[in-house]
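Asker: My questions all concern the structure below.
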Amino acid sequence: IMSREIIAVIPAAGVGSRMQANKPKQYLKILDKTILEHTLSVILSHPAINHVILAVGKNDPYLSEMTLFPHQNITLVEGGETRAESVLNGLKAIKNNQAWVLVHDAARPCLTHQDLDKLLQIDDEQGAILAIPAVDTIKRANKQQDIIKTEDRTELWLAQTPQFFRCDLLRNALEQGLSQGANITDEASAMELAGFRPHLVAGRSDNIKVTRPEDLALAEFYLTRKTL
Ligand code: C5P
C-alpha cells in the first residue's frame, strides 16, 4: 500500500446553475480564496497524494486570474459535457494504469485530512467512497410531487467525494457506462454498473457540496473553524 501512486482528479468544469451566481461556483470566494483554491489546498497538502489533475471548462476565463497556476503538481485537462466525461478526460492523462485515483468535487472545499486518511486506507479493487448515513426520512415522489412511498432510511447513504478507485478499473467503468448512455452522477455508480461493489466509508457531514446560495455561509463557517 505504501508505495502505490495516488493521483487526485478534480472535476471543475461545471457551470453551477443552481448557485444563481455570475460565475461558476468553484470561482466564488469564501474568506480570502476561491472555493477551488480551498479544495486544491486540502488535496495538495496531503502527504500521500502525488499529483492533481484538474478538469476545467474550455475557454474558462477565471482560471487565468488564479495565482496558483502554473503549478508543478497540477495538470490541467479540458472538461466534458457531463461530470463523468470531465473525470474520464482526467483519467486519460494518467500514464500509470496501476495508480489509484481519488476523484473529488471542486465544490467540496471543507474536506478534512481526517476523512481523506480513512478513505486512503482502502486497498481493495472494489474501491470506496466517503458517504454519510441518511438522517432525514426519505420520500420517493411522482412527477406531481406527491409521495409514492417512504424509503427505509437505515439502508440509505448520501454519497460524497472523494471517491477512490484503481485508475484502470474506473476508466473502463466510465467508458462502458457512458457508451451505454447511463446517467452517471458519481464514479461509484459507474463501478456499480460494471459489477463492482464499492465500500461506503462514513465521512463527516461538514464535507458539503456547495450547490445553492445558502451553502456559501455554511461553507465559510466550517472553513473558519477548520485546521485541516
Ligand atoms: O453539478 P455538480 O454539483 O454535481 O458538480 C460536481 C462537480 O463536477 C463540480 O466540481 C463541477 O465543477 C464538476 N463538473 C464538471 N464537468 C461537468 C459538470 C460538473 O467537471 N460537465
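Asker: Once you place label points 7 Å from the Cα toward the Cβ at Gln144 and Leu193, how far apart are they in nm?
Answerer: Computed distance between label sites Gln144 and Leu193 equals 3.2 nm.
Asker: What percent antiparallel are the DSSP beta bridges of the chain, to the nearest 5?
Answerer: 40
Asker: With unit charges on the beta carbons (Lys and Arg positive, Asp and Glu negative) and the dipole taken about the Cα centre of the stretch 71-201, which residue among Asn89, Leu116, Phe164 sits farthest to the positive side?
Answerer: Of the candidates, Asn89 comes out farthest on the positive side.
Asker: Going highest first, how would you order 187-195, 11-19, 70-78 by mean Cβ packing within 10 Å?
Answerer: Result, highest mean first: 187-195, 11-19, 70-78.
Asker: Subtracting the Cα-Cα distance from 0.36 nm times the residue separation, let me have the gained length for Ser45 to Glu220 in nm, one decimal.
Answerer: Difference between extended and current length: 61.0 nm.
Asker: I would also like to ask the following. Taking a point 7 angstrom from the Cα of Val15 along the C-beta vector, which residues in the stretch 71-96 have backbone N less than 13 Å away?
Answerer: 81-82
Asker: So what's the gap between the Cα centers of the stretch 81-122 and the stretch 146-164, to the nearest angstrom?
Answerer: 22
Asker: Let me ask something else. Pick out which of Leu130, Leu36, Leu218 has the largest mean-square fluctuation in a Gaussian network model of the chain, springs linking Cα atoms closer than 10 Å.
Answerer: Comparing Leu130, Leu36, Leu218 in the GNM, the peak value goes to Leu218.
Asker: Roughly how big is the chain's charge dipole about its Cα centre, with Cβ charges of +1 (Lys, Arg) and -1 (Asp, Glu), in debye to the nearest 20?
Answerer: It comes to approximately 320 debye.
Asker: Sticking with this one: If packing is taken as the mean number of other Cβ atoms within 10 Å per residue, what is the order of 142-149, 101-108, highest first?
Answerer: Going by the mean number of other Cβ atoms within 10 Å, highest first, we get 101-108, 142-149.
FYI, it's all coordinate maths here, none of it is from the lab. Small disclaimer: the values here were computed from a predicted structure and weren't measured. Neighbour counts are summed over all protein chains in view; Cβ atoms, including those assigned to glycine, are modelled from backbone coordinates with ideal geometry.
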